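Structure first, commentary second.
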Amino acid sequence: MSKIKLTKNEQKKQKDALKQFNRYLPTLQLKKQQLQLCIRQIEEKIRSVKKEQEELIRSLDSWIAVYGENPLLGEKSIISLVSVDTIVKGRSNIAGVEIPVFEDLTFKSVPYSLYEYPLWVDEGIAALKKCSRYDAIVRTLQEQIDLLSKELRTTSQRVNLFEKIKIPEAKENIRKIGIYLGDQDTSAVVRGKIAKKKLLVKEEG
């Protein structure tokens, strides 16, 4: 704790600072709660998207097995027919933090011959694109969490600074200055009485 001046001006300065801390702290606490809530909601959204993706993959197990057992396809993997081009993202703001928002996923056009692939190639491509879309959504949501978590750490540090250091320090400074000024006032009164008594004694003498 830095040394403070034991004066009325310093007392006023410390009281003003305490008012400012007490006024600012609830805003920080509210922001902290908002960030925590948003992160939990995004985490739940990620779990939901991953669950949908897993259900999609399970529904495709049968034709994936057939495809895997077909040696005639050789290197003609359906996966090679799906190539991501661009992840389109917008921007949003949560608690003063700018975050990316998933909007769309575009794919490069990969030509192929229907004679070289099984009949369900179109269905397989559509499913893989849907899986890729789920991946892009999850990555974007994770970016949101990373950005909000960083802001949450900063906000939590500020809340702790105010709660555990700044406010207690200001209160203690005000208390010390109050005691000192009170002692000074008492001393002044005592000195005044002594001086008055000496004056009366001198006048009587």
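Of the listed requirements (1) over 30 Å from Gln11 (Cα atoms); (2) surrounded by fewer than 16 Cβ atoms within 10 Å (Cβ to Cβ); (3) hydrophobic (A, V, I, L, M, F, W, C), Ile137 misses just one: (2). Summed over the stretch 103-141, residues that are among the hydroxyl-bearing types (Ser, Thr, Tyr) and in contact (Cβ under 8 Å) with a residue 60 or more places away in the chain total 1.
Quick one: which of Glu143, Glu123 is in a helix (DSSP H, G or I), modelled with pLDDT under 90 and of a type outside the set (A, V, I, L, M)? Can you show your working first?
On the way: Glu143 fails: modelled with pLDDT under 90.
Only one candidate qualifies: Glu123.
Being modelled with pLDDT of 80 or more, under 30 Å from Leu152 (Cβ atoms) and either assigned to a helix (DSSP H, G or I) or not charged (D, E, K, R) (or both) is a property that does not hold for Lys130.
As an exercise: evaluate Glu172 against (1) among the acidic types (Asp, Glu); (2) closer than 30 Å to Ser80 by Cβ; (3) at pLDDT below 95 and give the number of the one condition it does not meet. Every listed condition holds for Glu172 apart from (2). Taking residues in the stretch 7-25 that are more than 19 Å from Ile177 (Cα to Cα), and partners anywhere that are of a type in the set (Ser, Thr, Tyr) and part of a helix (DSSP H, G or I), not one pair has Cβ atoms closer than 7 Å while being at least 6 places apart or on different chains.
The values are calculated or read from the model by the stated rules, or taken from the named source; none is laboratory data. All of these numbers come straight from a predicted model, not from anything done at the bench. No Cβ is skipped: glycine too gets one built from the backbone with ideal geometry, and neighbour counts run over all protein chains shown.
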